[in-house]
């Protein structure tokens, strides 16, 4: 099993990269989150997870170990394959995904293309306890339990704002004011959107 690669970055695309390690070029599939973290340097180190099937051998790369751990958890869920897990990590960063799972936020997980309500619920049910052990309680956002977050997001969505865009703003507000009321969150979000 290949756990990491360190070498020369030959090619970088939004969905994959090629790394030359001692004259061998490895094709590594990546998420958009990892793509955004890749430095503009010649040498690179990525953590990897290899999946071997009858018809293919695929190598998935991650700039952060925590993203690789979330990926492994996602593919352990029935109905979530490696491509779906990669799409999930491209749509939501690992921290947002972990927060959504830990707080039981079905709508955020369902906002990922190709994820229905049943699959989102299965992800939460299967991973709620595991996500805390992988990322640790300290890394899970302190505002994940704030009940006003969901109400505020629903209200902003009703007003016509995109959920993804609203979520980033609401999370920023809750980081500054963890105990903010729903009304306060909505008012502050409207100023920033």
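The values are calculated or read from the model by the stated rules, or taken from the named source; none is laboratory data. Since the model is a prediction, treat every value here as computed from it, not as a measurement. For neighbour counting, all protein chains shown are included, and Cβ atoms are generated from backbone atoms with ideal geometry for every residue, glycine included.
What to note about this one:
- Condition check for residue 7: over 22 Å from residue 133 (Cα atoms), out of contact with any helix residue (DSSP H, G or I) (no Cβ under 8 Å at 6 or more places or on another chain) and exposed (fewer than 12 other Cβ atoms within 10 Å of the Cβ): no
- Matching residues, the stretch 170-183, being assigned to a helix (DSSP H, G or I) and either under 15 Å from residue 150 (Cβ atoms) or in contact with a strand residue (DSSP E or B) (Cβ under 7 Å, 6 or more places away or on another chain) (or both): 170, 171, 173, 174, 182, 183
Residue-wise test of (1) in the same structural domain as residue 101 (by TED's automatic domain parsing); (2) in contact with a helix residue (DSSP H, G or I) (Cβ under 7 Å, 6 or more places away or on another chain); (3) at pLDDT 95 or above; (4) under 27 Å from residue 120 (Cβ atoms).
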| residue | (1), (2), (3), (4) |
| --- | --- |
| 12 | no, no, no, no |
| 19 | no, no, yes, no |
| 36 | no, no, no, yes |
| 47 | no, yes, yes, yes |
| 54 | no, no, no, no |
